[in-house]
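Participant: Sending over a structure as structure tokens; questions will come in a sec.
The values are calculated or read from the model by the stated rules, or taken from the named source; none is laboratory data. Every value quoted in this text rests on a predicted model; they were computed, and no experiment measured them. Positions of Cβ are backbone-derived with ideal geometry, glycine not excepted, and every protein chain shown enters the neighbour counts. Side chains included, ligands, DNA and RNA excluded: accessible areas come from the protein's heavy atoms. Shrake-Rupley method; radii C 1.70, N 1.55, O 1.52, S 1.80 Å.
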Amino acid sequence: MNIRRISINAQGRERYLLIIAGLFLLMNALGLSISGPQVGMPLFLLVVWSIAAFCGHRILNRILPKRDPFLFAIAMLLSGWGLLLIQRLAPNFAIRQALWMLVGLTIMLLISTLPTRLHWLRRYRYTWLLGGLALLLVTILMGVNPSGAGPRLWLGVGPLYFQPSELVKLVLVIFLASYLADYQSEIRNDGGQPRRLPPLHAIGPLVLMWGLCMIVTLWQQDLGTAALLFIVFLTMLYIASGEWTYIVVGGGLLMAAVAVAYRLFSVVQLRVDIWLNPWPEANDRAFQIVQSLMAFASGGLLGAGIGQGSPGY
């Protein structure tokens, strides 16, 4: 009885969250319709989103009745908000984005129906991680940039391009979660006991595999992804161990790495320099930062309202 009550409460909470998300998107879709040249398109996108949210909610009620009520609602809110933003800034891509949203929802629901759930990810964690590293190595050798200039972080097949580092982010989370779940008892320090370093056989393979990801990513000079992987690693290690010292030491190491990267990589020097003083290169390398400052000056912290800004200037 209690389990059933928990399931009903979770489903009801998710339903209310989706309704709130839908009302938020409706207000913005109406605002965009009033201000934009394509009056009906934002409302059409909202209809597509509403059907996807309703169907996803009903299907998940059947296959995962005891799920977390926040995950699907948050994902749908971000997806719907993304549809409206694309309709505002690049309307030619709005329909394609809506189709990708439906494809992603369908894949998610299909995975949710698998009888073994996600145990197969845990069983082959090293395979997934090594496969991701292999993709990164292939990108170093055969990578391209769709714009024709800049870092070659993509793999291309005809008109389609794919950035392997995006997949590696997910793969690394899967690897860390499964590994830390197996060795949590050896990594965690129970309350009242003196702090100790985790045993080498428990933490060694974890640090080694994460280090390989970092090395390959830095080799590509994809520094944003490298920083994100480092933060994810520290966060998950803290969740598994409960030791705040990992965060403190890791934060110090990150600051040291940024200082070294500033001396070694021109792209890091560029980002730091234009952050400190963007105005001398407002029409060149600091163009985006200056545009964002002008946008804040024009619309304020809350903005001018959807459809009321001038992103093309």
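Participant: In the stretch 178-198, which residue that is closer than 24 Å to LEU228 by Cα and either in a loop (DSSP other than H, G, I, E, B) or open to solvent by 20 Å² or more (accessible area, probe 1.4 Å) (or both) is modelled with the lowest pLDDT?
Facilitator: Result: PRO198.
Participant: Return the pairs, sorted by first residue and then second, in which the second residue is polar (S, T, N, Q) and open to solvent by 40 Å² or more (accessible area, probe 1.4 Å), the first residue lies in the stretch 254-277 and is assigned to a helix (DSSP H, G or I), the beta carbons are less than 7 Å apart, and the residues are 6+ apart or on different chains.
Facilitator: Listed pairs, sorted by first residue: TYR262/GLN269; VAL267/GLN221.
Participant: Pull up the stretch 114-146, narrow it to residues that are polar (S, T, N, Q) and without any contact (Cβ under 8 Å) to a residue 60 or more places away in the chain, then point me to the one that is least open to solvent (accessible area, probe 1.4 Å).
Facilitator: ASN145
Participant: Right, next: Suppose we filter LEU46, LEU89, LEU78 for residues that are within 30 Å of GLN308 (Cα to Cα) and open to solvent by less than 70 Å² (accessible area, probe 1.4 Å); which single one remains?
Facilitator: Answer to the selection: LEU46.
Participant: If you don't mind, there's one more thing I want to ask. Working carefully through the options PHE162, PHE175, PHE233, find the one that is of a type in the set (Phe, Trp, Tyr) and open to solvent by 80 Å² or more (accessible area, probe 1.4 Å).
Facilitator: PHE162
Participant: Read through the list (1) open to solvent by less than 50 Å² (accessible area, probe 1.4 Å); (2) touching a strand residue (DSSP E or B) at 6+ places or on another chain (Cβ under 9 Å), then give the number of the only condition that PRO69 fails.
Facilitator: It fails just one condition, (2).
Participant: While we're here: Take the residues in the stretch 236-280 that are under 23 Å from GLY150 (Cα atoms) and charged (D, E, K, R), then tell me which one is most open to solvent (accessible area, probe 1.4 Å).
Facilitator: ARG263
Participant: Which of (1) modelled with pLDDT of 85 or more; (2) closer than 27 Å to ALA226 by Cα; (3) surrounded by 14 or more Cβ atoms within 10 Å (Cβ to Cβ) is the odd one out, the single condition ASP284 does not satisfy?
Facilitator: (3)
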